[in-house]
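The values are calculated or read from the model by the stated rules, or taken from the named source; none is laboratory data. Computed from a prediction, not measured in an experiment: that's the story for all the values here. We place every Cβ from the backbone using ideal geometry, glycine too, and count neighbours over all the protein chains shown.
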Amino acid sequence: MAGYDDRDGKIWLDGQLVEWRDAQVHELSHALHYASSVFEGERCYGGKIFKSREHSERLLQSGRLIDFEIPYTVDEIEAAKEATLKANGLTDAYVRAFAWRGAGEDMGVASARNPVRMAVAVWSWGNYDGDAKMKGAKLDVSKWKRPSPETIPSHAKAAGLYMICTLSKHAAEAKGCSDAMMFDYRGYVAEATGANIFFVKDGEVHTPKPDCFLNGLTRQTVIGMLEDRQVKVHERHIMPEELESFQQCWLTGTAAEVTPVGQIGDYNFEVGSLTRDIAEGYEQLVRT
Ligand code: PMP
């Protein structure tokens, strides 16, 4: 497979569709040096992007949280995503919408004089972790902690927050794991590197309270599905020693969808009936 910079197709860049290989930025783009960048990961199923407007709204909100205003409205972003899917002839695709501080008069830490730029790229992307859907993913335990909201705007989907995720995932992959679970700065269970986490104990569901990490759209959808099924959901702080008492575990995220987890470090979980029911239910929901 060719690299992501070397493909056929079109990318939407600053209001226009350009050839995939021509969608380039200058080396002195502020984002490349200081992480002034925000993004969305979305999935289009059968021609419809799941929770498309919510993703566009979150993109604008992430920009504001890192001090920039993306120069497009939600409707314009919606149109950009539709146009990009159409130009690439895709109905089932991953959609990456992103915005960043480009190159401009500023090359120091401050960036107010540099333009905010935006792009949308789409591509075919199958299961996040194909095998895990059946057997349960194997997760490492990261040594990196999700930071306090006083350290960084933790609720932005911003590039800077992913540095520790990349480090965690590299360490996980080196141990034969597909992802890593992260604790937060207080020591509570937080999430995986790009997905939220749920546990099942005696028929009830426990999931970390998203007070220092992204309250994922998939997470919110799955909580709604559980409530529809009259399953009790506890959103709360979860201590590491509780991991031993949970019977099932899954991850949620746009890319991960609902991915069963079989192992986190030394703890094992079964891919049980509630996990399977929610995974299948989610697959149906996104296609309706
Ligand atoms: N946490 C992190 C760190 C993520 O990158 C993602 C993926 N966007 C999520 C949680 C899940 O968010 P969503 O369900 O909105 O995709």
Note to self: I'd like to check something: does the range 217-230 contain any residue that is more than 12 Å from the ligand (Cβ to nearest atom), assigned by TED's automatic domain parsing to the domain that holds Ile264, touching a residue at least 12 places away in the same chain (Cβ under 8 Å) and on the phi > 0 side of the Ramachandran plot?
What the structure shows: no
Check: Of the residues Gly253, Gly224, Gly203, which single one is small (Gly, Ala, Ser), modelled with pLDDT of 95 or more and buried (at least 19 other Cβ atoms within 10 Å of the Cβ)?
Finding: Gly253
Margin query: For the range 107-193, give me every one of the strands (runs of 3 or more DSSP E) that falls completely inside it and has 2 or more residues that are outside the structural domain of Val25 (by TED's automatic domain parsing), more than 29 Å from Ser56 (Cβ to Cβ) and modelled with pLDDT under 95.
Written below: none
Next item on the list: Scan the range 261-270 and give yes if some residue there is within 14 Å of the ligand (Cβ to nearest atom) and buried (at least 20 other Cβ atoms within 10 Å of the Cβ), otherwise no.
Entry: no
Next item on the list: Please report, ordered by residue number, the strands (runs of 3 or more DSSP E) entirely within the range 1-89 with at least 1 residues that are of a type in the set (S, T, N, Q) and in contact with a Gly (Cβ under 9 Å, 6 or more places away or on another chain).
Entry: 37-45
Check: Within the range 188-208, can you find the residues that are under 14 Å from Val222 (Cα atoms) and touching a strand residue (DSSP E or B) at 6+ places or on another chain (Cβ under 6 Å)?
Finding: Ala195, Asn196, Ile197, Phe198, Phe199, Val200, Val205, His206, Thr207, Pro208
